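Down below is the structure, laid out as C-alpha cells.
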Amino acid sequence: MSRFQYISDFNVSKDLLYKFHANPGALDRLLPPWENTSIIKRAQNIAPGSKVELKMHFGPIPFTYKALHVKEQHGEVFQDIQESGPFASWSHTHIFNQTEEGARLTDSVDYQLPLHALTRFVKKELTRTFKHREEVLRHDLDLHKRYSEDPLTVLISGASGVVGRHLVPFLTTGGHTVYTLVRRAADSQKNEIYWNPAKGEIDRKSIPKLDAVIHLAGEYIGLGRWSEERK
C-alpha cells in the first residue's frame, strides 16, 4: 500500500473551504483538463453512500472509474474510495483544519497498484493533479471572497456551451443557485427551465425570483467568416 499526501493553505475560513467541496460543481471545477475525463454520473452531495462515475483515459485507453463516498464529518473530513476502477485499491481522505492564517486542506491518498512499476508515474501524476486543484481552489475562493459572498440566484442560457460549462460549476461551488434554460424537456430537479426561442416559448411559471440573467446562447463567434449574413 502506498500513500500520497498533499497539503495546501488558503486565506479563507475552514467552513468556506469545506463548503466549496460540498457544493454542486466541485468535481467539475477540480478535474484536470488534460485528463480528458467525462462525468457520467454526479453525486448530489458528499454524504456516505453517494456515488460518482467517470470515463477516464490511461493514454489512449479509456476506462470507467466509480467512486463511493464512505465518510463525512461536516466541516472536518470526508472520504471516498474506489468502487471499481484501475487501482487494486484507492482511498482519498480530505481533511480540513483551521489555521491562524485561514484554512488548511490535507489530501491523503492511500492506494495499491496492479503493477508496482507504475508507482513513480502515479506519484508524478498525483502531484501534478493536486497542484492544479490547489491553483483552481485558490483562484475561485479568492474571486468569491472578493465579489460574491452573498448567495445569488442566476439564470443562464447556453449553459452547455464552452463558457457555460465552466461558469455554472464556478457559481454553484461559490454557493449560488443556478437555473439553466434548455431547449428540450426540462428536469426541474436539475433547475432546468424549458425555452424554445424559435417558437417564442418559455416556461415562465418555473422561473424563480432572479438576481441576474447571463445570456450565452447564440452563434459561435469563432466559427466561420464574419460575412454580412453571419453578422
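Here is a yes/no grid of residues against (1) of a type in the set (S, T, N, Q); (2) at pLDDT 95 or above:
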residue: Gly49; (1), (2): no, yes
residue: Val52; (1), (2): no, yes
residue: Met56; (1), (2): no, no
residue: Ile61; (1), (2): no, no
residue: Glu76; (1), (2): no, yes
residue: Asp80; (1), (2): no, yes
residue: Thr93; (1), (2): yes, yes
residue: Ser108; (1), (2): yes, yes
residue: Ala117; (1), (2): no, no
Original post:
Does Lys71 qualify as being basic (Lys, Arg) and touching a strand residue (DSSP E or B) at 6+ places or on another chain (Cβ under 6 Å)?
Top reply: yes
Original post:
If you go through segment 156-184 one residue at a time, how many are over 20 Å from Thr37 (Cα atoms) and open to solvent by 90 Å² or more (accessible area, probe 1.4 Å)?
Top reply: 2
Original post:
Taking interchain pairs and intrachain pairs at least six residues apart, which have beta carbon atoms under 9 angstrom, with the first residue in segment 177-195 and under 23 Å from Asp150 (Cβ atoms) and the second part of a strand (DSSP E or B) and charged (D, E, K, R)?
Top reply: Tyr179/Glu192; Thr180/Glu192
Subject >> Members of segment 43-67 found to be touching a Ser or Thr at 6+ places or on another chain (Cβ under 9 Å), surrounded by fewer than 18 Cβ atoms within 10 Å (Cβ to Cβ) and closer than 19 Å to Gly174 by Cα, listed by number >> reply: Gln44
**OP:** Considering only residues that are out of contact with any helix residue (DSSP H, G or I) (no Cβ under 7 Å at 6 or more places or on another chain) and acidic (Asp, Glu), look in segment 131-162 and name the one that is farthest from Gly102 (Cα to Cα).
**Re:** Asp150
**OP:** Could you pull out every one of the strands (runs of 3 or more DSSP E) wholly within segment 96-197 that has 3 or more residues that are over 19 Å from Asn23 (Cα atoms) and either of a type in the set (Lys, Arg) or out of contact with any Gly (no Cβ under 7 Å at 6 or more places or on another chain) (or both)?
**Re:** 103-112, 192-196
**OP:** Find all pairs meeting these conditions: Cβ atoms under 6 angstrom apart; at least six residues apart or on different chains; first residue within segment 1-22 and under 27 Å from Leu113 (Cα atoms); second residue open to solvent by less than 30 Å² (accessible area, probe 1.4 Å).
**Re:** Ser2/Tyr111; Phe4/Val109; Phe4/Leu126; Gln5/Ser108; Tyr6/Asp107; Tyr6/Phe130; Ile7/Thr106; Ser8/Leu105
Subject >> Pairs with Cβ under 6 Å, 6+ apart, first in segment 82-101 and among the aliphatic types (A, V, I, L, M), second modelled with pLDDT under 95 >> reply: Ala88/Gln112; Ala88/Pro114
Original post:
Which residues, counting only those in segment 105-121, are surrounded by 15 or more Cβ atoms within 10 Å (Cβ to Cβ), more than 20 Å from the chain's Cα centre (by Cα) and not aromatic (Phe, Trp, Tyr)?
Top reply: Asp110, Leu113
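Looking at this structure, is Pro151 buried (at least 18 other Cβ atoms within 10 Å of the Cβ) and either at pLDDT 95 or above or not hydrophobic (A, V, I, L, M, F, W, C) (or both)? Outline the logic, then answer.
Details: buried (at least 18 other Cβ atoms within 10 Å of the Cβ): no; either at pLDDT 95 or above or not hydrophobic (A, V, I, L, M, F, W, C) (or both): yes.
No, not satisfied.
The values are calculated or read from the model by the stated rules, or taken from the named source; none is laboratory data. On a predicted model such as this, the values are computed, not experimentally measured, just so you know. Ideal geometry is used to build each Cβ from the backbone, glycine not excepted, and the neighbour counts take in all protein chains shown. Keep in mind that these areas ignore ligands, DNA and RNA; they rest on the heavy atoms of the full protein, side chains included. Shrake-Rupley method; radii C 1.70, N 1.55, O 1.52, S 1.80 Å.
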